[in-house]
Amino acid sequence: MRLPSAPPLWTSFTQPRGNSRTFAAYPFACTEFAVTALVWIVMTSSAPPPPGKTPGDASAREPRRGSMPGTPSRRASGRSFERTLFTEPVLYVSREAEPTTASQEYGVFDRHGLRIGGVAVTTPSFPRRVIQHLWKSDQYVSRRFEVRDANQSTVLKVEKPSKDPSAHFVVTRADRTPIGEIIPTDAGRVRFTLRAEGKTIATVVASGRQRCEVTVEDPAGTEVAQVGIPSPELSPIRGNACLAEIPQQVPEPLASMLVATTLTIDIALTA
């Protein structure tokens, strides 16, 4: 008895099916759906600009500035609200000390009367104060002054070393990195010489009768800073004060030397 033979295998692939058109159009439908989903994802993934800033606003592209205490930064533009001892062209230094826990501090203010720093007179140790009292002189006692910012962080130090016959002042950063020297000079109207890196970078010239009325000139004779007595009607702070003006930005180390000199000229250098 013979069994009926099965149809050839290749015939099963050639016979037409009723839903062949549906399977043929399926890949195109999937592709169209994928493209639509991709476009939707791209359009919705773009984050809107932050409130108050448009994509064309220059302030949105301006990078945030970072500053390290003691290191001068570039002068702030008119749009910036950052005010520091190294960016303000006009500074007012109070001549009335404020007693603190370990020192006396003289406030430093900007032209609007906002306190942005201070000059602290650090207190020597007890044995050094005894020596100073017995000898009635500060020959054996070093004098230290710290220039501080608005956050009470020390940015500059001005110190007269003990047993120094020339009575010069050494200017350093907060970490004791040397910057320069302020050397008293008795040559006509020149009162101090500012030296850094082994050369003279500026001179302090008397410009009035008061001890803090001086101008600072670079080696070419150009005035780079001025210190004087402000008018009581124009001063934003009450009481006695000195007005320090550094109108133009100057490079280092002259920038730090000008800040150290103009802020301590009445407190440390001419005391």
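In a DSSP loop and with at most 10 other Cβ atoms within 10 Å, the trypsin sites (Lys or Arg not before Pro) in region 194-259 are ARG209, ARG238.
The mean accessible area for residues of region 146-257, using a 1.4 Å probe and ignoring ligands and nucleic acids, is 53 Å² per residue. As a calculated quantity, the FRET efficiency between SER162 and LEU234 at R0 = 41 Å, using C-beta atoms, amounts to about 0.50.
Ranked by the mean number of other Cβ atoms within 10 Å of their residues, highest first, the peptides 259-265, 110-116 fall in the order 259-265, 110-116. Loop-resident GluC sites (Glu not before Pro) (DSSP state other than H, G, I, E or B) in region 196-257 with no more than 15 further Cβ atoms inside 10 Å of their Cβ: GLU197, GLU233. Taking 0.36 nm per residue of separation and subtracting the current Cα-Cα distance, fully stretching the chain between THR154 and ARG211 would add 17.9 nm.
The values are calculated or read from the model by the stated rules, or taken from the named source; none is laboratory data. Just so you know, these numbers come straight off a predicted model, no measurement behind them. In this analysis, Cβ positions are derived from the backbone assuming ideal geometry, glycine residues included, and neighbour counts consider all displayed protein chains. What goes into the accessible areas is simple: the full protein's heavy atoms, side chains included, and nothing from ligands, DNA or RNA. Shrake-Rupley method; radii C 1.70, N 1.55, O 1.52, S 1.80 Å.
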